[in-house]
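Heads up, the thing below is written out as structure tokens.
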Amino acid sequence: MCGIAGFLTNAEDWGFTPSCVPLLRRAIRYRGRDAEGEWSDPPHVQLIHSRLTVIDASTGGQPMASDDGRYVIVFNGEIYNYLELREGYARAGANFQTQSDTEVILEGYRLKGPDVCRDLNGMYAFAIWDRHVKTLFLARDRLGKKPLFWTRLGGVTFFASTLDAFVKLPKWNGQSSSISLLLYSLLGAFPSDKTIYANAHALPPASWALISPQAQLPQPTRYWRMTFPRSKRANLISHLEEYEDLLTDAVRVRLRSDVPLALTFSGGVDSGSIAAVASKRLGAELRCFTVDYHTEDDPSEETVNGKRAARQLGLDWHYIHFDYHARLLDELSEAYRYYDQPCQQMALVYSHHLYHAIKPYATVVLSGNGADELFTGYIGDEKIRRQDLTLTMAYPLRPLFKRIFSSKYLRYDIPRAYGESVLAMASEAVNDSATLDGIRHYLDLMVDEMEEAGIASLLDLKMWSSLNIGASDSNYRLPDISGLSAQVEVRSPYLDYRMVEFATRLPHRYKVARLLSAGGNKYLPKCYYQRWMPEDIVWSKKKGMGWNLRWDHNITSDPVFEKAFSKAYATLDQEAISSAHFRMAWRSYINQKEDGIESPSSAGLMMNGFMLGRWFHRKTDGEGNH
């Protein structure tokens, strides 16, 4: 796990770049503090690397050249199937000098070019320079777990693992994108190629781009997409067998490490199944860590169940107490320090604490991230299933009533309806025509992508939008940034692309088995976990890691929270970003909480504005790398 950076330019602009190297190197250093490396091919390319050593400590340093010297790579991430690929590439003529997964990418690229991306099972972002034809190849993993950003300043194309690498470069203007800010406000994340900055972009997930010193902009090419094929009828047993095989192999390849491993553990279905597979099927010994707030007066059911589950599986279990009353807001700035753009997840505070607590024991940490998004594990997903059934049953009858009802009631175009709903919210939030035109253009592209994916139900939509947008911060950015700030690499077996493909074709009845209660959500994983755990743990009400860190329970009575939110919103006004709709959501949230509503509908928008304001606040205070 590492940080990468560099630039590509032509001979005329090479003189502009020497002062940029230390700025890029400093910005990515937090991502890997074990070693640093640089390589250049004047007057065209500079590659920079910071390393967190996980595989092949002795010969895996970067930048790394291929055996024939033609290609040079900087790589961030892990290729979990590198041993299998190494054997196949060796039979095809590859000659390996190291034991690293980095060299496997290099030799794969030498043999197959961009198609090497289709072979890789892992989380990755990398850049490969071809010394013969003078081109730079950039690539990113299927789900976008590892970041890769680029910007063009003058005649130079810069790339890096963090946007902070660009903000002090000459010619950088730092202007925010009004389109990106509005999308973040509405969706809670920056989707696809968007970033908070107008002149910086993310390489989209599952994409590669080939650029030359003369090229103006990278042109991404998609090599994989999430699709929803129609499921073939099969019984539950056959699906359980496939699920077990996939989960076992996903855990097996993620146990590959030359440094100690651990597991974040709640005892619930996701982390518990990983622990069961690792210990019972694969014979691995993992320390397990649970973080929560647990006192005699305010006990944590999750902590109690976690301890029980660990005992049931014979695990080495560690409990980490986090006093959210005293520490949540106080430690937010430090936990937020390396976030190069806003993140909606307040959980980054206790995650920061958790990963730093784990670091003395392990450098690689397995996590249950992604399972709820794949297998509909959230309370309320059963309501979506009911809506789907209503639409499905009503659809065949609609032609009979087309003279009675207007056309909008006869359309069963879920992606298009989603795009229209987001655009309607955007129209209520701003009245700037240029921004709305930009939002409309982006939403048209997103709807096209949804339709190409074959989304035909609300549950499909929920999974697609969660993995690509709504849960991208919690599943990808939070483990990446908070983990690496503690020098810990976080691996998620459920986010193996093979598991994603399995979940997209799994019949909905094996995801949501009950229509009137949430107890049947994530049904198939629960059926599997029941092989290892008592029923009362398996089928208990959904909670999750850190459930008892309930900062929101005091929000209506603690003036500290009111002051913090007011200050964050005031910061937005100072940045010429209207806080009006965030303040309205805040007031609505307070009113609903006082009326006894446990999960107010305005919570998302309220938190989006709060975390956006806190991010700008740390920027103006000079915190972090801004």
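Where a number appears in this text, it was derived from the coordinates with a stated rule and is not lab data. Just so it is clear, the structure is predicted and the values come from calculations on it, not from any experiment. Glycine gets a Cβ as well: all are built from the backbone with ideal geometry, and neighbour counts include every protein chain shown.
Tell me which residues come under 5 Å, amide H to amide H, from Thr135 once H is placed; ignore anything under 5 positions away on its chain.
Asp130
Determine the alpha carbon to alpha carbon distance for each of Lys194/Lys462; Lys194/Lys383; Lys146/Lys522 and list only those over 24 Å.
With Cα atoms farther than 24 Å apart: Lys194/Lys383; Lys146/Lys522.
Between Arg29 and Glu87, what FRET efficiency comes out of the Förster formula 1/(1 + (r/R0)^6) with R0 = 41 Å and r the beta carbon distance, rounded to 0.05?
0.70
Could you list, bin by bin from short to long, the percent of Cα-Cα pairs of the chain in 20 Å steps?
19, 54, 26, 1
For the residue pair Leu282 and Asp316, what label-to-label distance in nm results when each label sits 7 Å from Cα along the Cα-to-beta-carbon direction?
1.7 nm
Scan around Lys145 for amide H atoms under 5 Å from its own, H built in the peptide plane at 1.01 Å from N, and keep only partners 5 or more places away or cross-chain.
Distant-sequence amide H within range of Lys145: Tyr124.
Using 0.36 nm times the number of residues separating Val133 and Ala417, minus their current alpha carbon distance, what extension gain do you get?
Full extension of this stretch gives 97.6 nm more.
From the gyration tensor of the Cα coordinates in segment 2-222, what semi-axes in whole Å does the equivalent ellipsoid have, largest first, with each one equal to sqrt(5λ)?
27, 20, 16
Collect residues whose amide H, placed 1.01 Å from N in the peptide plane, falls under 5 Å from the amide H of Gln341; neighbours closer than 5 in sequence don't count.
Placed amide hydrogens put nothing under 5 Å from Gln341.
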